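The values are calculated or read from the model by the stated rules, or taken from the named source; none is laboratory data. Please read these numbers as outputs of a predicted model, since none were measured by experiment. Here Cβ is always computed from backbone atoms with ideal geometry, including for glycine, and neighbour counts include all displayed protein chains.
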Amino acid sequence: MPKGSKELTNSRKDEIISACEKLYRTMNFKDITLGDISRETSFSRPSIYNYFQTKEEIFLGLMQREYDLWNADLRAILSDNDTLTADELAGEIAHSLENRTQLLKLLSMNHYDMEEHSRPERLTEFKKSYGESLDAVRDILSKFCPDMDEESRERFIFVFFPFMFGIYPYSVATEKQLAAMKEAGVKFTKCSVYKIIYNCIRKLLGDR
């Protein structure tokens, strides 16, 4: 890592991650190279290695940033509301993820390969942000659903978080996917991110 302030290092890492995010809007993960990312930044490809050793580390950094943004939204739900009904709570969480489609897209990827090709310290940084999202949802449930015991809250967590991995494919379909499903006779009804999440959370909260 080159010498410099922590702020400068974080700024350079953020520039690289932002370049990756820009490319990911129009390209697939497998097609994006470090050379592509380099051309979207002020760094040469060798310079990127001072901050990230693999493409997977950059994508992991992007997902970490998306989790951090979502965590801020979750904490805002906590701080901006004194009480929420089950319907309101489901709506608030659904809205928070409706604005995080990049996170949902990343979650639909193969995490095993992404994490396996990242250094332990990078993986630990990511897991801290992921862990903060778990804690934020636990705190939301504790505040707005005080009748839920700890076991019920953990059951919610371990249903909802794995569920998030499949939201993007059910809310977004390419023309190629749509054509293939039509040819295969598969009925596909596109549903919004908000509606998918709202319905799931409302079901998990039960009769509240």
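Residues being polar (S, T, N, Q), farther than 19 Å from GLY166 by Cβ, touching a residue at least 12 places away in the same chain (Cβ under 8 Å) and in a helix (DSSP H, G or I): count how many of those fall in the stretch 60-103.
2
In the stretch 172-198, what residues are at pLDDT below 90, of a type outside the set (A, V, I, L, M, F, W, C) and either within 20 Å of HIS111 (Cβ to Cβ) or surrounded by 12 or more Cβ atoms within 10 Å (Cβ to Cβ) (or both)?
The one that is at pLDDT below 90, of a type outside the set (A, V, I, L, M, F, W, C) and either within 20 Å of HIS111 (Cβ to Cβ) or surrounded by 12 or more Cβ atoms within 10 Å (Cβ to Cβ) (or both): GLN177.
Conditions tested, residue by residue: (1) under 18 Å from TRP70 (Cα atoms); (2) aliphatic (A, V, I, L, M).
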residue: GLU116; (1), (2): no, no
residue: LYS128; (1), (2): yes, no
residue: ARG138; (1), (2): yes, no
residue: SER152; (1), (2): no, no
residue: PHE161; (1), (2): yes, no
residue: ALA173; (1), (2): no, yes
residue: ASP207; (1), (2): no, no
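Can you find even one residue in the stretch 164-186 that is closer than 29 Å to PHE59 by Cα, in contact (Cβ under 8 Å) with a residue 60 or more places away in the chain, β-branched (Val, Ile, Thr) and assigned to a helix (DSSP H, G or I)?
Looking through the stretch 164-186, at least one residue is closer than 29 Å to PHE59 by Cα, in contact (Cβ under 8 Å) with a residue 60 or more places away in the chain, β-branched (Val, Ile, Thr) and assigned to a helix (DSSP H, G or I).
Exactly one of (1) touching a helix residue (DSSP H, G or I) at 6+ places or on another chain (Cβ under 8 Å); (2) assigned to a helix (DSSP H, G or I); (3) surrounded by fewer than 18 Cβ atoms within 10 Å (Cβ to Cβ) is unmet by SER42. Its number?
(2)
Exactly one condition in (1) within 20 Å of the chain's Cα centre (by Cα); (2) within 20 Å of GLU125 (Cβ to Cβ); (3) at pLDDT below 95 is not met by MET27; state its number.
(2)
Given (1) within 25 Å of LYS203 (Cα to Cα); (2) surrounded by fewer than 14 Cβ atoms within 10 Å (Cβ to Cβ); (3) modelled with pLDDT under 95, where does ASP113 come up short, assuming only one miss?
Checking ASP113 against (1) within 25 Å of LYS203 (Cα to Cα); (2) surrounded by fewer than 14 Cβ atoms within 10 Å (Cβ to Cβ); (3) modelled with pLDDT under 95, the one that fails is (1).
Which ones in the stretch 199-208 are buried (at least 16 other Cβ atoms within 10 Å of the Cβ) and either of a type in the set (S, T, N, Q) or free of Cβ contacts under 8 Å to residues at least 60 places away in the same chain (or both)?
The answer is CYS200, LEU204.
Residue pairs, Cβ under 7 Å, 6 or more apart or interchain, first in the stretch 119-142 and free of Cβ contacts under 8 Å to residues at least 24 places away in the same chain, second aromatic (Phe, Trp, Tyr). List them.
LEU141/PHE156
Inside the stretch 45-54, can you point out the residues that are in contact (Cβ under 8 Å) with a residue 24 or more places away in the chain and surrounded by fewer than 20 Cβ atoms within 10 Å (Cβ to Cβ)?
Filtering the stretch 45-54 for residues in contact (Cβ under 8 Å) with a residue 24 or more places away in the chain gives 48, 50-54.
Those that are in contact (Cβ under 8 Å) with a residue 24 or more places away in the chain and surrounded by fewer than 20 Cβ atoms within 10 Å (Cβ to Cβ): ASN50, GLN53, THR54.
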